[in-house]
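To start, the structure itself, in structure tokens.
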Amino acid sequence: MVLPGDLGPECLRTEWRLEIHSQESKVLEFWDTFEWGLWFGGHVLYRCGGVYNLCRHENGTIGAVVCEEQAVGIRRSWRDFKIEPLRAALEEMLGLRALAMVVEGTFRLSRCDVRDGAGKIVCRLEWASVFAGKEGEEELQRSCRVLPLRGYEAEADRMVEQLIRHGATTSGDGPLELLLRHADREPRKYTLRPAFGLETETAAREAVGRIVGAILKIAVSNVPGILSDLDTEFLHDYRICLRKIRSVLSLVKDVYPVAKSRRIRKILGDLARQTNRLRDLDVYLLSRDEYLDLLPPRLRPALEGMFDDFSAEREVEVRRTISKMGASLHRKILRETALFFSEQTSHKHSPAADLPVGPLVFRCIYKRYRKIRKIAAGIGTDSPDEMVHQIRIECKKLRYLLEFFTEIIPKEEGGAMQKSLRRLQGRLGDFNDASVQQKSLLNYWEQKRCGAETSMGLGGLVSILYHRQQETRGLIEQALEEFCGASTAAAFKRTFKQPITVSAT
């Protein structure tokens, strides 16, 4: 029950005898990820007295403890925990994301027995107060739990009625919700695929402006995480956002003045290229366990030196990236880009600016699909890697178009197309990863001129990756047959082959 701020156990002494048995005060630190993976996974993780407790959360309250672990120091990743049930639960909800403290609060709890006139215990109470911060200076909520004893339910009901007469309520925000709101840290869903509120008749410039503005906000929201090097996903998502913005500007043409649009694309491309090496190193280090598992145990130690070299180089790249992205010039570029696409900024007329976005984009989608089919017709078992890479890029562009404008695409058709495209992209991505990884390993070997055992390990990895790449070719051909087959082609033609309606003015 939520109590008025000045209500305490004294309000019950007119009818009952209260015996306070224990009073305690605890500072709880609550931890979650940038994406609130635990919260939206129905759980809460808090640290108190060197113990991490994973609990269920119920309506903003801390529920039953699922598992706990005594820990010295800070735990950032699910890998940092030792107890297997806790590791497994956190791995599912955190993935590659790192933990960070989101809020802390002081919880003061008093437990007491309630006796009737005959001296019998008829009920137990828990009085709780929640304060912001570890000093406990500002009380956010006072509450009471009435715990009836068997055979004395009527007395417990009377006690509840008495508390209600004094202003208590049986509903309200939970203590954790209040702490988060007080700290302006309320959980919000994070997605790289936001809604843009588009309709078929929305003007093309307005539509593209909304898309770019929303994605740019996501990119900016990831910058603090990159600067703190909290986890690798911040840089990953930041780069995806820059790539998406550049793609929409190149795919939906003539919406903004060509020269300015080209300049924005170049600027964003330069920003992305500044982080290329850091992202490559992140990918290699994330693949460490997978790489080592591919080799016989005897060859694994020889490759530890390679990962040590990558780790050392990454430290240098992190400092360089932080210096670049923390500079005022980087912030200025992002602000000016946001201003360029703001609804308040006027631009010169462009041929497609005022066209309804639906027919315009549908034509772009159909054109992109036909280009993929044309390239696919020439791909076989002996096709060079460059052709596979080319079709992968074209598929990525098509996926972006389907994703950006999903709100105006018929749901059933669009869903089936994207599902088939994702399968194809998965195969193409596996092929490309194997190709890039082989080149990277060979390049490392040429630079280092490694010893015999390291060379054997690198050679073994390259052979395994080459074999994996060749196996993927057959899977790519199957996926291409499905995506470029007659039924899918008919669906694309039926859905997207529409003429552009040009205004008489």
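The values are calculated or read from the model by the stated rules, or taken from the named source; none is laboratory data. Since this is a predicted model, take the numbers as computed values, not measurements. Note: ideal-geometry Cβ built from the backbone for every residue, glycine included; neighbour counts use all protein chains shown.
Going by the conditions given, is T337 outside any helix (DSSP H, G or I), assigned by TED's automatic domain parsing to the domain that holds Q274 and among the polar types (S, T, N, Q)? Don't jump to the end; show me each part of the working.
Values: outside any helix (DSSP H, G or I): no; assigned by TED's automatic domain parsing to the domain that holds Q274: yes; among the polar types (S, T, N, Q): yes.
Criteria not met by T337.
Filtering the stretch 462-492 down to residues that are among the β-branched types (V, I, T) and either within 30 Å of S287 (Cα to Cα) or not assigned by TED's automatic domain parsing to the domain that holds H389 (or both), which residue is surrounded by the fewest Cβ atoms within 10 Å (Cβ to Cβ)?
Once the filter is applied, the top-ranked residue is I464.
Go through (1) closer than 21 Å to T454 by Cβ; (2) modelled with pLDDT under 95; (3) surrounded by 15 or more Cβ atoms within 10 Å (Cβ to Cβ) for K253 and report which single condition fails.
Answer for K253: the failing condition is (1).
Test of understanding: among T406, T345, which residue is surrounded by 15 or more Cβ atoms within 10 Å (Cβ to Cβ), under 21 Å from C241 (Cβ atoms) and either assigned by TED's automatic domain parsing to the domain that holds L268 or polar (S, T, N, Q) (or both)?
T406
Does M325 satisfy being crowded, with 16+ Cβ neighbours inside 10 Å, within 30 Å of S463 (Cβ to Cβ) and in contact (Cβ under 8 Å) with a residue 24 or more places away in the chain?
Working: crowded, with 16+ Cβ neighbours inside 10 Å: yes; within 30 Å of S463 (Cβ to Cβ): no; in contact (Cβ under 8 Å) with a residue 24 or more places away in the chain: yes.
For M325, the condition - crowded, with 16+ Cβ neighbours inside 10 Å, within 30 Å of S463 (Cβ to Cβ) and in contact (Cβ under 8 Å) with a residue 24 or more places away in the chain - is not met.
Exposed (fewer than 14 other Cβ atoms within 10 Å of the Cβ) and either among the small types (G, A, S) or touching a residue at least 24 places away in the same chain (Cβ under 8 Å) (or both), is that true of G457?
No: the conditions fail for G457.
Would you pick out the residues in the stretch 176-206 that are among the aliphatic types (A, V, I, L, M), more than 18 Å from G37 (Cα to Cα) and part of a loop (DSSP other than H, G, I, E, B)?
A183, A195, L198
Of the conditions (1) under 26 Å from the mean Cα position of the chain (by Cα); (2) without any contact (Cβ under 8 Å) to a residue 24 or more places away in the chain, Y291 fails just one. Which one is it?
All conditions pass for Y291, except number (2).
This table checks each residue for (1) farther than 16 Å from R300 by Cβ; (2) at pLDDT 90 or above; (3) not in a loop (DSSP other than H, G, I, E, B).
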{"position": "E453", "(1), (2), (3)": "no, no, yes"}
{"position": "M456", "(1), (2), (3)": "no, no, yes"}
{"position": "R473", "(1), (2), (3)": "yes, no, yes"}
{"position": "I476", "(1), (2), (3)": "yes, yes, yes"}
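A quick yes/no check of all residues on (1) among the β-branched types (V, I, T); (2) in a strand (DSSP E or B); (3) surrounded by 14 or more Cβ atoms within 10 Å (Cβ to Cβ):
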| site | (1), (2), (3) |
| --- | --- |
| E19 | no, yes, no |
| S22 | no, yes, no |
| K26 | no, yes, no |
| F40 | no, no, yes |
| Y46 | no, yes, yes |
| E68 | no, yes, yes |
| R87 | no, no, yes |
| M93 | no, no, yes |
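What residue, among those in the stretch 328-369 that are in contact (Cβ under 8 Å) with a residue 12 or more places away in the chain and of a type in the set (K, R), is farthest from I393 (Cα to Cα)?
K348
State the number of residues belonging to the stretch 340-366 that are out of contact with any helix residue (DSSP H, G or I) (no Cβ under 9 Å at 6 or more places or on another chain) and not in a loop (DSSP other than H, G, I, E, B).
Going through the stretch 340-366 one residue at a time, the tally reaches 1.
Please go through the stretch 146-191 and give me each residue that is closer than 29 Å to L235 by Cα and either hydroxyl-bearing (S, T, Y) or loosely packed, with under 14 Cβ neighbours inside 10 Å (or both), ordered by number.
Across the stretch 146-191, the qualifying residues are D184, E186, R188, K189, Y190, T191.
With the condition kept exactly as written, say whether any residue in the stretch 256-263 is part of a helix (DSSP H, G or I), surrounded by 17 or more Cβ atoms within 10 Å (Cβ to Cβ) and modelled with pLDDT of 95 or more.
No - not one qualifying residue is present in the stretch 256-263.
Condition test on L180, is it closer than 30 Å to A98 by Cβ and in contact (Cβ under 8 Å) with a residue 40 or more places away in the chain?
Yes; evaluated as a whole, the condition is true for this residue.
Within the stretch 318-330, is even one residue over 28 Å from D280 (Cβ atoms) and outside any loop (DSSP other than H, G, I, E, B)?
No, the stretch 318-330 contains no residue that is over 28 Å from D280 (Cβ atoms) and outside any loop (DSSP other than H, G, I, E, B).
For the stretch 124-145, enumerate the residues that are crowded, with 18+ Cβ neighbours inside 10 Å and touching a residue at least 60 places away in the same chain (Cβ under 8 Å).
L125, W127, Q141, R142, S143, C144, listed by residue number.
Please find, among E394, E403, E315, the residue that is assigned to a helix (DSSP H, G or I) and farther than 25 Å from L198 by Cα.
Values: E394 fails: farther than 25 Å from L198 by Cα; E403 fails: farther than 25 Å from L198 by Cα.
Testing whether each residue is assigned to a helix (DSSP H, G or I) and farther than 25 Å from L198 by Cα leaves just E315.
For a quick check of your reading of the model, give me the residue pairs whose first member lies in the stretch 215-235 and is more than 15 Å from E35 (Cα to Cα) and touching a residue at least 60 places away in the same chain (Cβ under 8 Å), whose second is assigned to a helix (DSSP H, G or I) and among the polar types (S, T, N, Q), with beta-carbon atoms closer than 9 Å and at least 6 apart or on different chains.
Sorted first by the residue in the stretch 215-235, then by its partner, the pairs are L216/T337; L227/T321; D229/T321.
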